[in-house]
């Protein structure tokens, strides 16, 4: 297999459009994840190893966890520079970093997502050694300031928060609920009193794919620790736990 000339990183200059912000004129969490999905695809496409080429070889990447620090949420019409790089693999996980900057180079968001390499037909998780044939450079020492996503330990006293029925428009090209839609689900499910608070970060563990027509039952609750409030959200369907998530908030003035 010949080497694919993937650049060490990829930078995308964007202006935040109106359809990517919420009522507060700030970038939605789901829009952030969509931008990250797109910039990662653009990065690998630079060397000819985009989604279609991977599928041709019977491979696809599926996100398993994401962790995000939000220093200042990008605003409507703001010019933003988004940089991403393929960092390294550990166990069966691949790690990709993302940094959002304003026009002056100040950090807005730092993010790390973990992915598994899977066979799109069987959904079997493949060893990272399968990907090594493409000779994509790893950069294990190139870190941002966002910790790697880890297992989430949810409080035990979460309360029922309704449900979400997975619709046709929620499904992506891998045939299951798109990762960005989870961010809409958790922001809709979090307690209403948190909607006006400034978000300092969020984490999602994608535990069991959700398919069209399935009902995800939601639970949520608030936990306070060292002046930082955290909204916890979990989702279950008939096949077990679908996801765990939390949204963290800046301290109130």
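Rule-based calculations on the coordinates, nothing more; no lab input. All values reported here derive from a predicted model rather than from experimental measurement. Note: ideal-geometry Cβ built from the backbone for every residue, glycine included; neighbour counts use all protein chains shown.
Brief remarks on what is shown
- Note on residue 159 and residue 123: the extension gain reaches 9.7 nm, defined as 0.36 nm multiplied by sequence separation minus the Cα-Cα distance.
- Per residue, the chain reaches -4000 deg cm²/dmol at 222 nm when only DSSP H runs of four or more residues are counted, each adding -39500 (n - 2.57).
- For region 111-128, the residues whose amide N sits under 20 Å from a probe point set 7 Å from the Cα of residue 148 along the beta carbon direction are 111-118, 125-128.
- Unit Cα scatterers, Debye sum, the chain: log10 I(q)/I(0) for q = 0.14 Å⁻¹: -0.99
- Alpha-carbon centroid distance for the pair region 120-144 / region 170-223, whole angstrom: 26 Å
- Gain in span if fully extended, residue 212 to residue 168, counting 0.36 nm per residue against the direct Cα distance: 15.3 nm
- FRET efficiency for residue 53 and residue 253, using Cβ-Cβ distance with R0 set to 45 Å, rounded to 0.05: 0.35
- Inter-probe distance in nm under a simple model that places probes 7 Å from Cα toward Cβ, at residue 130 and residue 193: 4.8 nm
- You can think of it this way: the chain between residue 141 and residue 104 has 10.8 nm of extra reach, that is 0.36 nm per residue less the Cα-Cα gap.
- Spin-label zone in region 97-122 - amide nitrogen under 17 Å from a point set 7 Å from the Cα of residue 90 along the C-beta vector: 97-98, 111-117
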